[in-house]
Every structure is written in C-alpha cells, then in structure tokens.
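First comes the structure, then the notes that go with it.
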C-alpha cells in the first residue's frame, strides 16, 4: 500500500523511471542475439581416432575397445556409442544433462592419454557437438568456366573477402578441382637405373628452395645473400637432376612425365545436377546470425561484378531467412494478440483512459523485459519471443483487476473525492490478490527452469525466464504506473474548475484568449508604424506561446476526431456488448443460484468432464517435439560399398535432375563423397555416400510431406541407392525410430538385424527403413612372407611405405604460382598402380639388377568385411532406423514393441527400442515431476496468501478442469502430446487459478463485512464476473494468433497455445460455478471473523 501511495503522489518520478526503462530496454534489444532456438548445450563428446589402412575389426579391437574401457569410468557418463570403420574410430560419449562439459572434457582427455595405442594410430581428437555451428549460409559458384578456375576463384577471392567480414568465423570451400602438378614415374626405367621413388622425392625437395646465405659487407655497403632456386615453370621441374650415372646427369623428365592436372577428387558438389564449387559460411560463437548473413549477402552483390562472364554466384541455403521470418512471425503474433486484448478491454470498460493505460503497459512490460533478458543471457529466439507472445495476454491481467477495482471505487465515491486517494485505495484493495495471482503463475515456471531436464528443459528455459520477467514487470507496473496514470492530471473528481470558471473560459475564448489580447494590442496603435512596432514586440509571445497552444488545440481536435472515429468503428461491438453482457450477467446470476441449490449436479458435471478427458487421453498420440517444417531437408544417400566416387557421382547427378523437376522443389544441391553423422561435428569421406540438399518453394509441412513422397517414388528407379531423410540439426535427437539389435557374433547379428529390418518394413507409417550394418568395401589384403623379406634384406615397414608412395603418391614439394602454392605429387603411372595386377607387379627393390616385385614377397587377396561396427554400452549392436510419416511416435513404438516380442532371435542376440523414444521417456518423466511440483508450489503460494489450508484447496479444483479442457483442445485440433503441450499444461496450472484467487478473495472480503455465506458468494460472483471474463478474454485473444499455426516455426508454438486456450476456456466457464459450490461445501456458514 505504501508503494502505491508513493507512486500516486510522485507521478514525475514514476514517469522518469518509466522513460529510463524504455531507453535501457531499447538499448538492450539492440544487443540481444537472434537465433532460431535457444542455445542448447548438448552433453556430448566425440573421441575420433584415425588409424589409416586398418580394417573395421582391427580398429575395434586395437583402438575402440581400449578407449571405451578407459573413458567408461568418467563421472556423469550416461551412454557410450562407438563406430569402428575402415581407418577410423569414433566414440560418442553422452553425459547426463547438467554435467559441466568443460570438466568432463578434461577428465576424458586425461583418461585417453593413459591408453597405449598402436604406433600407426593418430592422436585421438576430442570434438564437441554443437548444431548451432552448422553453416549459416551455403553459396554456390557455377558457370561455363573450368572447374579449376572456379575453385581458384573460390579460394583466392570469395573465401578471403567473406572471411574478412565481421561475425564470420570461416568460409570452407568444397568441390571443383584443386590444381596439382603430377610427376608420374616410369617404374621400369627407375629400376633399370637403380633409382628409387624416395630418391626422386628428395631430389625434388632439395632443388626447390629459396634460402638465405647470410650477410656480406663490402667497404661501406652491407648486402643480404639469397640463394634462389625455386621452380619457375614445369620445364624447371623436368630439368631436375635425380642422379648422375657414369658422369652423365639423369634428369627427371627422362624417367617421369611432368604435367599440370588436378588432385584426386574426394568430393564433388552439384547445383541442380551440374558440377559446381560450394562455400560453407560459419559464424563466430557470439555473432548475430541474421546480421552476419546480411553482411555476407551484401558482400556477394559486390563480388558478382568481379567474376568472369558466364560465372554465376548464388546463395543456396540461408538459415537466417527462416530465423528472421520465424522471429518476425512470433513478434507479429504478439502484436496482433496485444491489439485484440486492448480491443476487448475497451469493449468491456468503454473508458479511453483506462484502455490507453493498459495499451501503454503492455509495450512497457515487454521493453523492460529486454533488460532482464540481456542480463541473463537470453537471446531473441522462437521460444523467448513465444514467451513474450504468451505473456501479452497475461500482462494485462494485473492491470485489469487494478483498473476494475479503481472504477468500482470511483463509482461509489462522491463528486468531491480525490482521484489520487481513490486510485490508491482501489489498487490497495486488490494488491494482495494481484500479487498472489502473479506469484502462482510464476511458481509453475520454477520447475521448468530447475527441474525439467533433457532437451525440454534446455528449450523452455528461455521461455520460462521471459514470461517470468515480463510478469514481474507487469506486477510492478500494475501497482505503480496504473494507479498513478489513472490519477494523473485530475486530482479532485468533478474538476477543480467550477462551472462558473468553465463558462467564463468558454465566453472568453477558452485557450485562445491570448490571441484576442495580442490582436487588440496590435490594433490599438493609431498609426501603421506603431501597429507594426507593437506587432514585432508581440511576435515572441506568438511564437513561443501562441504556436504551441494552436498546435495543442489542433492536436485536441485531432484526438477528438480520432475518438469519434473509433467510436464509430467499434459501435457494432460495443452495442453488441451492451446487449449481451447484461443478459449474460443475469443468466450467470440465475445459473449460480441454481448451482448453489443443486450442488450435487455440479459435482457430477465436473466428474463427467474429467472422466471424458481421462478416456480420451489414450487416443492422443505422443511425440517428443513436433517436426519443424523449414522448407528444406537433406537426403543422405548411399551406394553399395566399394562403389567409386565417379559411379556415385553419375547416379546422384541423374537423381538430382529428376528431383529438380518435381513440383514444389526450388533448388537441389548435391555433395558427393561425404557422409555426416548427426551426432557429431565430424565429416567422413566415403566415396559411395552423398548428401543431396533440397530447398522447397515454401515451408509448409504439407508441401514437405508431399515432396518427400514424390522423392520416394523417384528413388524406386534407383535400386542401388538407399536414402535417409535428415532435417537440419536443430535438436540433436537420434532417428525418430531406432531398434538396437545387440550381439557379439557378427553373422548372427547380421541375420537378426535383417529379420528386424524385414519386420519394420511392414509397419505402417515408417519410411526410409535402413540398417547400419552393411557389407563393407572390398579390400586388398597383403600378407607378407617375413622369411622372404629377410632373405632380400627388406623390412616390412619399408616395403609398406614404398607401396603407399607408388600407389597413393606423396607431395615432394610445392610450386609457387604467384600467391598460390601448388602441390607437386610423385607417384607411379596410372597403368602401374590402378589395377590389382599392377599392384602385384610393383617393384619394391632390386637384387643384382633384378627387380623384386611385391607379388614375390606377399600374397594378395580380395576380401569383404563389415563396413563399420557399432558398439552401444560396450556391446556390438546393429541399428535399424526409420523415419515417421503420418503417425505419432508413441503408437509406432507400441506396435514395434509388439512385433519384437514375437520375434525369434539367435542365442545371445537381443533387440531393444532406442532413438527418440529414450529421450521422450526421459523428458516426460521429468515433466511429470515438474507438474506435481508446480501444483505444490501453487498451493504453497495460495496457502501463504490466504493463511488457510482450505481456500487454496477450493481453488485447486480448477486445475483438473483446465487439464481436461487441454485434452479436449488437443484432440479437436488433431495434435499429439509433446513436451511443448505438456509445458503448456504446466503453465496452465499457474494461470487458471488466478480467476479462483480473485473470486475467493472477494468472497472473504464480503464475509468479513458480515454478509451471509450464500449472499457473499453470489455477490462476489456478480462483482468478479466482468474482471474474470476480461482477463480470460485478453489471455485467450493474446494467444489466438499463435494457436492458428501460421507462419514459420508455428509447430513449436501452436500446441502450447492450444493447450492454454482450451484449458483456460473450459476452466473459466466451470470455475464461475464450481468454485462457489466447493466454497460453500468446505467452509463454515457463519461469517468470517478475520
């Protein structure tokens, strides 16, 4: 009460504090980061170890298993998933949510350092997964220019220009052809001259140097001596002396062919089936995605003018467009919701000042919230902006109750009542109820911030904090700004100016009397010169007093015209309200009397409503998070193991051209030779894999589903290609459906996994079913005969390195071409290295001038093993994964479990559900705990407010009614139960009790005044009907735009809005009857004594 009186008596202080909040809030807004979703810190680490030239089974035994055993004792570790493939081991460590990942990384690194790995294995790398570090933009460079020139343009021009921009961390170039100078040796001539590959490589490196020779002093001059012998052209390379035999120099050109070419390609990029060069743009950690992307696209406009004719530069994919659109959509929803709420207020109040006050309070609360968001590190994203949109309808609740109380006090006060005193008394009367209702709403957000774990807690933390901040600010405004604004400028009711003074002002011209005085003084002069002098003397008065008064009067006329226009536009609504609300009030009075007379029927109605929701609950589907349609997705493609890059490229290029012709597809960009795992930041080079990125013309979920079905139809023409649909990694979940088949024996595991794959292929609603355990690449195994090696004086390591040098080649030196450095690679000719016969005939040494071939020292055989070996929790596992189409995760999981129970598996083999199902179960368990804790906290706050155990219990009867309404709303809206809908239910528990608090608080006040129980209940219901309907209407209308599911990111907003709206509507309709009935049942009939 003291704060309210201070605010009313110090209006200038309140206005200045409000102005400061606006200034600092707008400053904070300009500094907030903008992203699609909150920053999610995934408790995941990946240990990646390269073991070149090693089969998957050997990688598993020599690298993966020792590392798994070492890191398995790190505190907080929840699950270990490893992949052993040819030449590489990847171990993904999943920790409990909330684990300090910096310390966990130190512990893991410490354990890794204690493991003794084979000498050929590289040092293990520790990678952190962050989906926020995916490329923000992908830029394509294509045209009639050669691929080597396109690659040089990307490396030398585009990459350097873009990386210099603020906010850009890196620009990675892929595709095209990287220039290389190839030295192809004639193995037979080398052997005949007694030369080796190693000797040639060393000669090239020694001849291509620029070195300093020190300093030379000659009399008074000092010189720097430099030795210049770098290659200037290909002829210089061919003239390198590799040996001198019998005084005759042997030049490189005599034993090798030197020519310009491109590096052996490991990755090919396409745009609509045509080869191109692609740049991936990554942002710095704290950079604003939208601002950074805007700078990059602006730079591209200038770079296009510097490109050769026929070369095209285009943005393929841009994350910032969807992010900006999604955030803008939430902002627009909040604006529309706020306008609807203000409109409802005006219809209810028919008071311009009161409506204007609340209309100002809404943006004030939001702008002040930005300050708290900045201090807590909350970014502008779909969830935080959704919190503001959610809060728009609730922000006005407190001010509505305060305004309604002040209006009621004014109606009962006399004409000489002081506005300030009346405003302070009206606000003070409901201050306790307003504070309690705000605290109950805030109480439900405590579990969301501190109790909800998993991805649900990470996603909704920002939303919970944003709503909390905005509601706290709105509470402060409702108890300070609102009563002050109601009393500002009119201290005594009836106005201090009496009717006589008003009449006198009207007769004298009112505010224009100064003009008559000025005109009279000007005309009072007898001569024209005197009149001009008088006019000039009065000119300052006219400029500094008259003009502002004229402008003020004109503004008043404009406001009067605007007011009449608003009255005219809203006349249908206000007239309808004047007709409907009195009848509604009368009908409610009759209904309340009947309810109090037939309380058993009311309780029966409550049981029927709750029972209907209980039986409807199992019919609702369940899912973790609704799929987010972004208008783009990725097709992860795989050819049979052993397919060369060129074969994969032909198939993928043909597929891309067909996909581009599909209706609704705007662009198709391919990346051949790359495999990205969704659970790690690592990128793997696999010649039989490709990724095709598809951009649609629109981001509607229906269009995306239609295009995916069309793509699956096209894929039937390519039986060798397997496909997996993957959306951009916004949330790091596994595949929607995964079945983990455990076993040690690889043949039994393969058999069981094939059986599970066949069963899952028949389940309705599953698409893109695939198995992780596939036959591996054919490999050539070289088994050396150690006795023969010793007999010829050779070593196994030396021969292995020599084979590698001749087949794969090594970079001997670099050729400098202007600012570029081009590798000089030494290797055998194509016909001496590209076939199995050529490898068998490789010369690995000489004896008495006779060449020693590899086939005479070793046996070569072609075998096929597993392409990769998965391990989960220390056991070998084959993973069968699939996507969903047209069904929810919960029902599909139940059907798959039923199929698995009837499955006959080999001994030692078992199958379990995995994927998103585990994360969903974990999130739902924490949400159940959060609901119970939220209800407990709401009861705790109300019990403290009322100093009673009974009154909070009465009000809590509205919670099951609200949850029942939420079930009905989700069912009618065709929505599944997800973590978003459950979060809406938690919020609903705190929102719905507010009406009950206001109603019970007024009943208690009337009973303390001596009214009998039934009379107090009925009168309180009549008095609180209008504010309850107002607060409910503003909350519902504030959320209505979000519930329609329109615009980008609507999938993350609509379930929450539908849950709150449907629950609040049903609970409000029944609260007005149920709470009075329960109150009369649980309280004593005599008046309260306070």
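When restricted to residues that are touching a strand residue (DSSP E or B) at 6+ places or on another chain (Cβ under 7 Å), farther than 12 Å from residue 269 by Cα and buried (at least 20 other Cβ atoms within 10 Å of the Cβ), the range 686-701 contains 6.
For residue 1029, the stated conditions hold: it is in a helix (DSSP H, G or I) and surrounded by fewer than 21 Cβ atoms within 10 Å (Cβ to Cβ). Condition (residue is surrounded by 20 or more Cβ atoms within 10 Å (Cβ to Cβ) and at pLDDT below 80) applied to the range 492-500: is it met by at least one residue? The answer is no; no qualifying residue exists.
In the range 895-925, which residue that is over 19 Å from residue 744 (Cβ atoms) and more than 29 Å from the chain's Cα centre (by Cα) is surrounded by the most Cβ atoms within 10 Å (Cβ to Cβ)? Among those residues, the one meeting the criterion is 896. Restricting the search to the range 610-629, which residues are part of a helix (DSSP H, G or I) and under 14 Å from residue 974 (Cβ atoms)? Residues satisfying the conditions are 616, 619. The residues of the range 235-244 include none that are surrounded by fewer than 15 Cβ atoms within 10 Å (Cβ to Cβ) and under 15 Å from residue 182 (Cβ atoms). Within the range 473-489, being in contact (Cβ under 8 Å) with a residue 40 or more places away in the chain and within 20 Å of residue 991 (Cα to Cα) holds for 473, 474, 475, 477, 478, 479. If you go through the range 374-404 and pick out every residue that is modelled with pLDDT of 80 or more, part of a helix (DSSP H, G or I) and surrounded by fewer than 24 Cβ atoms within 10 Å (Cβ to Cβ), you end up with 2.
Results for (1) closer than 22 Å to residue 17 by Cα; (2) touching a strand residue (DSSP E or B) at 6+ places or on another chain (Cβ under 7 Å), shown as yes or no for each residue.
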| position | (1), (2) |
| --- | --- |
| 308 | no, no |
| 311 | no, yes |
| 321 | no, no |
| 353 | yes, no |
| 357 | yes, no |
| 383 | no, no |
| 404 | no, no |
| 408 | no, no |
| 420 | yes, no |
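A residue that is closer than 17 Å to residue 624 by Cβ, at pLDDT 80 or above and part of a strand (DSSP E or B) can be found somewhere in the range 863-881. For the range 44-56, which positions are touching a strand residue (DSSP E or B) at 6+ places or on another chain (Cβ under 6 Å) and within 26 Å of residue 864 (Cβ to Cβ)? Selection gives 48, 49, 50, 55, 56.
Does residue 165 meet the test of being crowded, with 16+ Cβ neighbours inside 10 Å and either touching a residue at least 60 places away in the same chain (Cβ under 8 Å) or assigned to a strand (DSSP E or B) (or both)? Judged against the criteria, residue 165 is not a match. Being closer than 30 Å to residue 449 by Cα, surrounded by fewer than 18 Cβ atoms within 10 Å (Cβ to Cβ) and in contact (Cβ under 8 Å) with a residue 40 or more places away in the chain, is that true of even one residue in the range 140-161? Within the range 140-161, none of the residues are closer than 30 Å to residue 449 by Cα, surrounded by fewer than 18 Cβ atoms within 10 Å (Cβ to Cβ) and in contact (Cβ under 8 Å) with a residue 40 or more places away in the chain. Restricting attention to the range 276-294, the residues that are part of a helix (DSSP H, G or I), touching a residue at least 60 places away in the same chain (Cβ under 8 Å) and surrounded by fewer than 17 Cβ atoms within 10 Å (Cβ to Cβ) add up to 1. Summed over the range 1-16, the residues that are outside any helix (DSSP H, G or I) and buried (at least 16 other Cβ atoms within 10 Å of the Cβ) give a count of 0. When 741, 763 are checked against the criterion of being touching a helix residue (DSSP H, G or I) at 6+ places or on another chain (Cβ under 7 Å) and buried (at least 20 other Cβ atoms within 10 Å of the Cβ), 741 stands alone in meeting it.
A single entry from 584, 594, 603, 659 fulfils the requirement of being in contact with a helix residue (DSSP H, G or I) (Cβ under 9 Å, 6 or more places away or on another chain), in a helix (DSSP H, G or I) and within 30 Å of residue 272 (Cα to Cα): 659.
Would you call residue 19 buried (at least 17 other Cβ atoms within 10 Å of the Cβ), out of contact with any strand residue (DSSP E or B) (no Cβ under 8 Å at 6 or more places or on another chain) and outside any loop (DSSP other than H, G, I, E, B)? Spelling it out, it is not the case that residue 19 is buried (at least 17 other Cβ atoms within 10 Å of the Cβ), out of contact with any strand residue (DSSP E or B) (no Cβ under 8 Å at 6 or more places or on another chain) and outside any loop (DSSP other than H, G, I, E, B). Counted as qualifying within the range 196-275 are the strands (runs of 3 or more DSSP E) with 2 or more residues that are touching a residue at least 60 places away in the same chain (Cβ under 8 Å) and either closer than 26 Å to residue 851 by Cβ or touching a helix residue (DSSP H, G or I) at 6+ places or on another chain (Cβ under 7 Å) (or both), namely 256-262, 268-271. Where in the range 749-862 are the helices (runs of 4 or more DSSP H), entirely inside, with at least 3 residues that are over 30 Å from residue 262 (Cα atoms)? In the range 749-862, 786-791 are the helices (runs of 4 or more DSSP H) which contain 3 or more residues that are over 30 Å from residue 262 (Cα atoms). Residues being assigned to a helix (DSSP H, G or I), within 18 Å of the chain's Cα centre (by Cα) and on the phi > 0 side of the Ramachandran plot are represented in the range 434-456 by at least one member. For residue 1045, are the conditions met, namely being free of Cβ contacts under 8 Å to residues at least 40 places away in the same chain, more than 23 Å from residue 346 (Cβ to Cβ), touching a helix residue (DSSP H, G or I) at 6+ places or on another chain (Cβ under 7 Å) and in the same structural domain as residue 609 (by TED's automatic domain parsing)? Judged against the criteria, residue 1045 is a match.
The values are calculated or read from the model by the stated rules, or taken from the named source; none is laboratory data. All values reported here derive from a predicted model rather than from experimental measurement. Virtual Cβ from ideal backbone geometry, glycine too; neighbours counted across all protein chains shown.
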